[in-house]
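Taken together, the values in this text are just the output of simple stated rules run on the coordinates, not laboratory data. All figures in this text were calculated on a predicted structure; none of them were measured in a lab. For neighbour counting, all protein chains shown are included, and Cβ atoms are generated from backbone atoms with ideal geometry for every residue, glycine included.
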């Protein structure tokens, strides 16, 4: 399988505080990885740094996407190359409707309308972006925007956060639809990095590999369900020691 993203010895700081400490990581085309770790471990910092948000300053290391060094590229350049992100807490934008946002992102109006029906968002298209949306509606709104954008590599931050059990199943189905995992034979397969600290999303999305981030370091990797079972039994600290 061909490598899509490669991260070499990445050190990142936020307001002069180290949040990532020498992370080396890679993901191939069509693969889905999950990042597990306690709150404040560096999971979100990792994908924000990969997206190129200026608050996350790369002190050392390199980021390559499709063979190109993108370490110093801006957020909009990375988005054009094929990055997409679903935020844990997306902003509310009053006066700009969800429909308008999807129209800006995609010219395929019919497909967006089809996606919105599948995500049960048709009734929210003409409301302000995330204005009064529930947790589940926000997550589905984020996924609709990604479906309109059609990125090659997707970052999904805490898809279970603020979502009830019924909506987690809908969000899980939407992620599989977005990644092309509903049908493993036909259609393009997108790569994804999914952040979770509960692991609930693994009941709905079949990830290829799991990693633990602990204290800004990537401490181990393997079968995501095996890792989750170890975390439930021993906690993150034990995993960070055993690697």
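Using only Cα atoms, locate the centre of region 42-76 and the centre of region 122-178, then give the distance between them in Å, rounded to an integer.
24
I want to verify the translational diffusion coefficient of region 1-93 in µm²/s; compute it with Stokes-Einstein, Rh as the Kirkwood radius over Cα pairs, at 25 °C and 0.890 mPa s.
For these conditions, the coefficient is 177 µm²/s.
Is the C-alpha gyration tensor of region 90-214 telling us rounded, prolate or oblate? Criteria: a/c under 1.5 is rounded; beyond that, a/b larger than b/c is prolate, otherwise oblate.
Oblate shape, in that a/c is at least 1.5 and b/c is the bigger or equal ratio.
By how many degrees, between 0 and 90 and to the nearest 10, does the Cα long axis of helix 165-179 differ from the longest principal axis of the chain?
Here the helix axis deviates by roughly 90 degrees.
Which order results if 4, 51 are arranged by neighbouring Cβ count within 10 Å, fewest first?
Listing 4, 51 from fewest to most nearby Cβ atoms yields 51, 4.
Kindly put 157, 226, 208 in sequence by how many other C-beta atoms sit within 10 Å of each C-beta, fewest to most.
The fewest-first ordering by Cβ neighbours comes to 226, 208, 157.
Starting from 0.36 nm per residue, how many nanometres of slack lie between residue 60 and residue 131 once their C-alpha separation is accounted for?
Result: 21.7 nm gained on full extension.
Say R0 is 25 Å: what FRET efficiency, to the nearest 0.05, do residue 208 and residue 8 get from their beta-carbon distance?
Efficiency for this residue pair is about 0.75.
Let a ≥ b ≥ c be the square roots of the eigenvalues of the Cα gyration tensor of the chain; is it rounded (a/c under 1.5), or, if not, prolate (a/b larger than b/c) or oblate?
prolate
Taking only DSSP H segments of four or more residues, each worth -39500 (n - 2.57), what value at 222 nm results for the chain once the sum is divided by all its residues, to the nearest 500 deg cm²/dmol?
Computed ellipticity for the chain at 222 nm equals -10000 deg cm²/dmol.
Given springs between every Cα pair under 10 Å in a Gaussian network model of the chain, which of 141, 116, 26 has the largest fluctuation?
Answer for the Gaussian network model of the chain: 26.
In the Gaussian network model of the chain, springs joining C-alpha atoms below 10 Å, which of 115, 211, 53 carries the largest mean-square fluctuation?
Of the options given, 53 has the highest mean-square fluctuation.
Select from 93, 163, 34 the residue whose mean-square fluctuation is largest in a Gaussian network model of the chain (Cα-Cα springs shorter than 10 Å).
For the chain, modelled as a Gaussian network with Cα springs under 10 Å, the answer is 93.
For helix 224-234, report the angle its Cα long axis makes with the longest principal axis of the Cα atoms of the chain; keep it between 0 and 90° and round to the nearest 10°.
Compared with the principal axis, the helix lies near 60 degrees.
Determine the gain in length on full extension of the stretch residue 39-residue 169; use 0.36 nm per residue of separation and subtract their C-alpha separation, reporting nm with one decimal.
Result for the pair: 44.5 nm of gain on full extension.
Can you sort 160, 137, 230, 166 by how many other beta carbons sit within 10 Å, fewest first?
Listing 160, 137, 230, 166 from fewest to most nearby Cβ atoms yields 166, 230, 137, 160.
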